[in-house]
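Working notes, beginning with the structure itself.
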Amino acid sequence: MTNAPRCHFNMPAAARPHRNLFPLLWPAFFLPLFLAAAVPLPLPGQAQQPTAEGEWVANLAAGRLLIAVVKGGMVIASVENPVEPGTRPPQIIPLAGNRVGVLLGAVDWSYLSPKTQIARLGTELPRLRMRRSGGEGRPRLQPGGPVVGSEAEQVGLGLLERLRDVATHIHGQLDLGPDDPIVELVLAGYDEENGGEVWLLKYTVTQEQERGDYWETRVMRPSYHCLWPPEKGQPHNLVEVRYPAADSDPSLADLLHQGDSRLVRIRESDRALAKVADQLVGGESQKANFTDTEQFLRATLGAIAPENAKQAIATISGKEGFAWVLEPPSEKPPRPPGAPSLQKP
């Protein structure tokens, strides 16, 4: 793997990434979507049906995502942060080639009465591509990023179009700040020739009050953040993404540096796992053994995960491609009517 950074792009000033401040840690982190005179958007292949006024809700993929880019591949692990009943771990979705997408945030959108599934982003993501050529404000990736490269543009803008379709029907005020992403998408890929590449895309919304309690909602173009490879001369660290970002629990890297007792027991149990831990702490993940890293992250998730939290682990090998190590549990149906809502007064 070359040390030269590959995931860079040119972006107009108006579309440059912003810091995610995420000042809100919702006491019951359940996205409120109260809509006035809304018509649900059908899934592909379904007929559109008129509905009365009512409440739409979104189930969240919340928790931490860990990606270790190591010798011969990458290991991707997610664990749920059960901030609210009905949450799930960040959704790992295989894409074409040696690539995956991981969704965090509002992933499943439903209309409560009558019960109607509006969007299931995890199911739809492999089919989402930009349907038209980009215009002003579209990020221009520089040549030399063949692992994810144009996938970040095509999938990222395809997801934007889908989110805008749904947001067209959101006419209640959302309890979201301007820097609070409603959805985050991680795109990761690996091949033997080019090594690994990881992007983070963040989608925020803006709202304008038209009349009374009627609001127009628009999803903004995503900000693009390169998480891997590191700049030349920088350490090769474990990649970690968490949603919501205001989660105050220490990162896995912090736990390793602090000598957390749960991780010390794992390190002391096996010499190979201890070596992986030392390489992750020392910023040398690219030297870590592929199989040993997989075993280390699996043991680590079991140690640090909240009680009964759902988990998922997958790998991308330069030789074998994508494979599940621990498949995510089957999804539960959307929340029933009467579930608590954070509709803004």
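What to note about this one:
- Scanning the stretch 219-273 for residues that are in a strand (DSSP E or B) and at positive phi yields nothing.
- Note on the stretch 143-187: residues that are over 16 Å from the mean Cα position of the chain (by Cα), of a type in the set (Asp, Glu) and at pLDDT 90 or above total 2.
- The condition of being of a type in the set (Ser, Thr, Tyr), assigned to a helix (DSSP H, G or I), modelled with pLDDT of 90 or more and out of contact with any Phe, Trp or Tyr (no Cβ under 6 Å at 6 or more places or on another chain) does not hold for THR315.
- Filtering the stretch 110-127 to residues that are surrounded by 21 or more Cβ atoms within 10 Å (Cβ to Cβ) and under 14 Å from LEU159 (Cα atoms) leaves ALA119, LEU121, LEU125.
- For the stretch 289-333, the set of residues classified as touching a helix residue (DSSP H, G or I) at 6+ places or on another chain (Cβ under 6 Å) and aromatic (Phe, Trp, Tyr) consists of PHE296 only.
- Residue within the stretch 115-124 that is hydrophobic (A, V, I, L, M, F, W, C), modelled with pLDDT of 80 or more and either in a strand (DSSP E or B) or over 18 Å from the mean Cα position of the chain (by Cα) (or both) present: yes
- Residue match in the stretch 281-299 (condition: of a type outside the set (A, V, I, L, M, F, W, C) and touching a Pro at 6+ places or on another chain (Cβ under 7 Å)): yes
- Any hit, the stretch 185-198, residues being closer than 22 Å to VAL276 by Cα, of a type in the set (Phe, Trp, Tyr) and in a strand (DSSP E or B): yes
- Counting only residues that are in contact with an Asp or Glu (Cβ under 8 Å, 6 or more places away or on another chain), modelled with pLDDT under 95 and among the charged types (D, E, K, R), the stretch 198-217 holds 3 of them.
- Of residues in the stretch 281-312 being touching a residue at least 60 places away in the same chain (Cβ under 8 Å) and of a type in the set (A, V, I, L, M), the one farthest from TRP228 (Cα to Cα): ALA309
The values are calculated or read from the model by the stated rules, or taken from the named source; none is laboratory data. Small disclaimer: the values here were computed from a predicted structure and weren't measured. When we count neighbours, we look across all protein chains shown, and the Cβ atoms used for this are built from the backbone with ideal geometry, even at glycine.
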